[in-house]
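Colleague: First, the structure itself, so that you have it in front of you.
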There are 2 protein chains.
Amino acid sequence: MYTIGIDVGGTTTKVGLVDKQGKVIQRALVITTNYPVISDYINALHEVIQLLITEAGGKDKIKGIGAGVPNGNYYTGEIVLAPNLPWKGVVPFGKMLSEQTGMPCKITNDANAAALGEMTYGAARGMKDFIMITLGTGVGSGIVANGQLIYGHDGFAGELGHVTVKPRGRLCGCGRRGCLETYASATGVVRSAMEMLSKNSTPSILRQLSPEEITSQKICDAAIQGDEVALKVFRFTGKILGEAFANFVAFSSPEAIVLFGGLTRAGNLLLDPLRESMEKNLLPIWQGQIRLLVSQLPESDAAIMGAASLI
Amino acid sequence: MYTIGIDVGGTTTKVGLVDKQGKVIQRALVITTNYPVISDYINALHEVIQLLITEAGGKDKIKGIGAGVPNGNYYTGEIVLAPNLPWKGVVPFGKMLSEQTGMPCKITNDANAAALGEMTYGAARGMKDFIMITLGTGVGSGIVANGQLIYGHDGFAGELGHVTVKPRGRLCGCGRRGCLETYASATGVVRSAMEMLSKNSTPSILRQLSPEEITSQKICDAAIQGDEVALKVFRFTGKILGEAFANFVAFSSPEAIVLFGGLTRAGNLLLDPLRESMEKNLLPIWQGQIRLLVSQLPESDAAIMGAASLI
């Protein structure tokens, strides 16, 4: 028997076939998330799912579908007011996908799915208390305490991308200002780079690019090549993340914070300033006690595997 | 059978005899917490406990002792680096009290004890997800998620008095700056009043008092009488608490935040600006959804009853 795991990101959606052992059995299929009309997106997902059903040897070999979706609600199966997705308002995603495919479908938020994946197969194996932070288009989080995901009274717990880190700071997709994700996401990093490039005239290879060409990947590449502005962007990002993490630790005292997503490609260029900032801001009882880990699972597999484990 | 419940506060310690139904059977006995030497304090506690043993009809009528202590650790029984207690470093409180009394002794932090009390007998009865915030000498917190207290990997979870709310803000007893408790505790409120009195010349009945005489109770009384400076202190305190609470909600999405402690005497003078600030800072999905409650249990009984329930 197999399960289908779906990782819905702000830009792309990855769909994989997961076996009984929880492994994604081959490279996940990818479609864009950018369908302005949700029913078109569900149709596109359905087509990909059909391919996987064929691969599995028929529909009776599939137990169901689990999906990790930004702002996805485990209790209701809805996507609610997701700032980084094309569909506004409340979308009955689980119900639509279940009706379209004729299979049971459970959803949770994308970072919760990644946390489930890490807890079962990844960097957080055996841990009862950890926080998963996804640094993608947005910043997501999945919080595990006492060995369980924290869903909160309404299924929406763990929106750590939307803690306020700078009052009157950058405008966020959620309508408020100064959210962590306006600084520490892929898009936040681009905003930081643009600000730094416009505020001074430090030479930078990023200046050879048009504003539209500057992406977090390009900034990451530039930093790896030693570009001064790009390095400063990661120091700034690490500092803000570290300050936020110190507050998260005061909440649930996790054994580790596990990082996941595109920005972690910067490696120690991000992790060193992050760790320094976190340690500086931690209460003395926690200094030197909290592990900072990067997901070791193949890219996107954590979320697909975690989502599949919902079924 | 009875249990002895102890509520260790920064200033006073309350000790009560709790019956099988979890009720404190008569007014709790009170001693000062301010013994510079821990063994003197344990001796003083022991004397009070002897009185309660006599009242209960002998030692064989007592199952054990539960204590809620600032920075108390459920796993180890130790008090660790408590900024608001006279004893520095690590104090093996549970072991000392158990040896002195010859009875089993369990401890947890004071706010966790209050949360257990509220969950079993108080404003949070039947709730699976809520946050208890104690506004006393310091600011403490107990976080309940999925119906369980969150202890974290080391027993220290829930130090929400030490989230940073103002980078480079007021110096805290923990050695860092800008912690929530430097603004929203009884001592924080006094600091706010002193700042406001020194910064302008608004008439205030607080000006009739010497600086040493200004306490949070006096400020509270002044606010109830309509004193402009005192009212401004509570508006300022409410604003900061509301901003912090919005971030707490993003973490665990509680059904309610339950307030407890001396500052809640200010009632709506504190709660109105707090609610307004929290609502303004919440993500849209939570606006109007999170209840703000004040403990309905007799003063200090929540912590005593919660502490007793550890046994």
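Colleague: Is it the case that B:Gly142 is away from chain A (no Cβ under 14 Å) and modelled with pLDDT of 95 or more?
Modeller: Details: away from chain A (no Cβ under 14 Å): no; modelled with pLDDT of 95 or more: yes.
So B:Gly142 does not fit the description; no.
Colleague: Further question: Residue by residue through the range B:204-217, note down the ones that are assigned to a helix (DSSP H, G or I), under 25 Å from the mean Cα position of the chain (by Cα) and surrounded by fewer than 19 Cβ atoms within 10 Å (Cβ to Cβ).
Modeller: Correct list: B:Pro211, B:Glu212, B:Glu213, B:Gln217.
Colleague: Let me ask you something else. Can you tell me which residues in the range A:274-304 are away from chain B (no Cβ under 14 Å), crowded, with 21+ Cβ neighbours inside 10 Å and either part of a helix (DSSP H, G or I) or out of contact with any Gly (no Cβ under 9 Å at 6 or more places or on another chain) (or both)?
Modeller: A:Leu274, A:Asp301, A:Ala302, A:Ala303, A:Ile304
Colleague: Please determine whether any residue of the range B:250-258 is in contact with a helix residue (DSSP H, G or I) (Cβ under 6 Å, 6 or more places away or on another chain), surrounded by 24 or more Cβ atoms within 10 Å (Cβ to Cβ), of a type outside the set (S, T, N, Q) and in a helix (DSSP H, G or I).
Modeller: Looking through the range B:250-258, at least one residue is in contact with a helix residue (DSSP H, G or I) (Cβ under 6 Å, 6 or more places away or on another chain), surrounded by 24 or more Cβ atoms within 10 Å (Cβ to Cβ), of a type outside the set (S, T, N, Q) and in a helix (DSSP H, G or I).
Colleague: When you check B:Gly152 against the structure, is it buried (at least 19 other Cβ atoms within 10 Å of the Cβ), within 12 Å of chain A (Cβ to nearest Cβ), without any contact (Cβ under 8 Å) to a residue 12 or more places away in the chain and under 25 Å from B:Gly178 (Cβ atoms), yes or no?
Modeller: Values: buried (at least 19 other Cβ atoms within 10 Å of the Cβ): yes; within 12 Å of chain A (Cβ to nearest Cβ): yes; without any contact (Cβ under 8 Å) to a residue 12 or more places away in the chain: yes; under 25 Å from B:Gly178 (Cβ atoms): yes.
When the stated conditions are applied, B:Gly152 passes them.
Colleague: A follow-up question, please. All but one of (1) closer than 19 Å to A:Thr187 by Cβ; (2) touching a residue at least 40 places away in the same chain (Cβ under 8 Å); (3) within 14 Å of another protein chain (Cβ to nearest Cβ); (4) over 19 Å from the mean Cα position of the chain (by Cα) hold for A:Lys239; which doesn't?
Modeller: A:Lys239 satisfies every listed condition except (2).
Colleague: Quick one: in the range B:262-273, which of the residues that are hydrophobic (A, V, I, L, M, F, W, C) and at pLDDT 95 or above is surrounded by the most Cβ atoms within 10 Å (Cβ to Cβ)? Don't jump to the end; show me each part of the working.
Modeller: First, pick out the residues of the range B:262-273 that are hydrophobic (A, V, I, L, M, F, W, C): B:263, B:266, B:269-271.
Narrowing the set further to residues that are at pLDDT 95 or above leaves B:269-271.
Values: B:Leu269: 20, B:Leu270: 25, B:Leu271: 19.
Only one residue tops the list, namely B:Leu270.
Colleague: Another question, then. Just checking, how many residues over the range A:77-94 are outside any loop (DSSP other than H, G, I, E, B) and under 17 Å from the mean Cα position of the chain (by Cα)? Give the steps one after another, and end with the answer.
Modeller: If we filter the range A:77-94 for residues that are outside any loop (DSSP other than H, G, I, E, B), which is where we start, we get A:79-80, A:90-91, A:93-94.
Within this subset, residues satisfying the condition of being under 17 Å from the mean Cα position of the chain (by Cα) are A:79-80.
Final tally of qualifying residues: 2.
Colleague: Is there a residue in the range B:256-270 that is over 19 Å from the mean Cα position of the chain (by Cα) and in contact (Cβ under 8 Å) with a residue 24 or more places away in the chain?
Modeller: Checking the range B:256-270: at least one residue is over 19 Å from the mean Cα position of the chain (by Cα) and in contact (Cβ under 8 Å) with a residue 24 or more places away in the chain.
Colleague: Restricting attention to the range A:243-257, does a residue exist that is closer than 23 Å to A:Val190 by Cβ, within 14 Å of chain B (Cβ to nearest Cβ) and of a type in the set (A, V, I, L, M)?
Modeller: Our first condition is that a residue be closer than 23 Å to A:Val190 by Cβ; within the range A:243-257, this holds for A:243-245.
Now drop any that are not within 14 Å of chain B (Cβ to nearest Cβ), which leaves A:243-245.
In the following step, the residues that additionally are of a type in the set (A, V, I, L, M) were identified as A:244.
Taking every residue of the range A:243-257 in turn, at least one turns out to be closer than 23 Å to A:Val190 by Cβ, within 14 Å of chain B (Cβ to nearest Cβ) and of a type in the set (A, V, I, L, M).
Colleague: Output the residues belonging to the range B:259-273 that are on the phi < 0 side of the Ramachandran plot and outside any strand (DSSP E or B). Show your work before the answer.
Modeller: To start, the set of residues in the range B:259-273 that are on the phi < 0 side of the Ramachandran plot comprises B:259-260, B:262-266, B:268-273.
Scanning the range B:259-273 gives B:Gly262, B:Leu263, B:Thr264, B:Arg265, B:Ala266, B:Asn268, B:Leu269, B:Leu270, B:Leu271, B:Asp272, B:Pro273.
Colleague: Given the conditions (1) part of a loop (DSSP other than H, G, I, E, B); (2) away from chain A (no Cβ under 14 Å), and given that B:Ala223 satisfies all but one, which numbered condition is not satisfied?
Modeller: In the conditions (1) part of a loop (DSSP other than H, G, I, E, B); (2) away from chain A (no Cβ under 14 Å), B:Ala223 misses (1) alone.
Colleague: Follow-up question, since we're still on this one. What are the residues in the range A:277-311 that are more than 23 Å from the chain's Cα centre (by Cα) and of a type outside the set (Val, Ile, Thr), if any?
Modeller: Result: A:Glu279, A:Lys280, A:Asn281, A:Leu282, A:Leu283, A:Pro284, A:Trp286, A:Gln287, A:Gly288, A:Gln289.
Colleague: A further question follows. Give the residue, chosen from B:Ala157, B:Ala123, that is facing chain A (nearest Cβ under 8 Å) and within 21 Å of B:Ile304 (Cα to Cα).
Modeller: Exactly one residue qualifies, and that residue is B:Ala157.
Colleague: I'm trying to understand the selection: among the residues of the range A:100-120, which are within 13 Å of the chain's Cα centre (by Cα), more than 14 Å from chain B (Cβ to nearest Cβ) and more than 14 Å from A:Gly261 (Cα to Cα)?
Modeller: A:Leu116
Colleague: For the range B:2-43, how many residues meet the condition of being closer than 20 Å to B:Gly136 by Cβ and not hydroxyl-bearing (Ser, Thr, Tyr)?
Modeller: Just the residues of the range B:2-43 that are closer than 20 Å to B:Gly136 by Cβ, to begin with: B:5-16, B:24, B:27-35, B:41.
Restricting the remaining residues to those that are not hydroxyl-bearing (Ser, Thr, Tyr) gives B:5-10, B:14-16, B:24, B:27-31, B:34.
So the answer is 16.
Colleague: Quick one: which of B:Ala184, B:Ala193 is over 18 Å from B:Ile133 (Cα atoms) and at pLDDT 95 or above? Spell out how you get there, then give the answer.
Modeller: On the way: B:Ala184 fails: over 18 Å from B:Ile133 (Cα atoms).
Matching residue, one of B:Ala184, B:Ala193: B:Ala193.
Colleague: Here is a follow-up. Does A:Gly169 satisfy being under 22 Å from B:Lys280 (Cα atoms) and surrounded by fewer than 24 Cβ atoms within 10 Å (Cβ to Cβ)?
Modeller: Working: under 22 Å from B:Lys280 (Cα atoms): yes; surrounded by fewer than 24 Cβ atoms within 10 Å (Cβ to Cβ): yes.
Criteria met by A:Gly169.
The values are calculated or read from the model by the stated rules, or taken from the named source; none is laboratory data. Computed from a prediction, not measured in an experiment: that's the story for all the values here. Here Cβ is always computed from backbone atoms with ideal geometry, including for glycine, and neighbour counts include all displayed protein chains.
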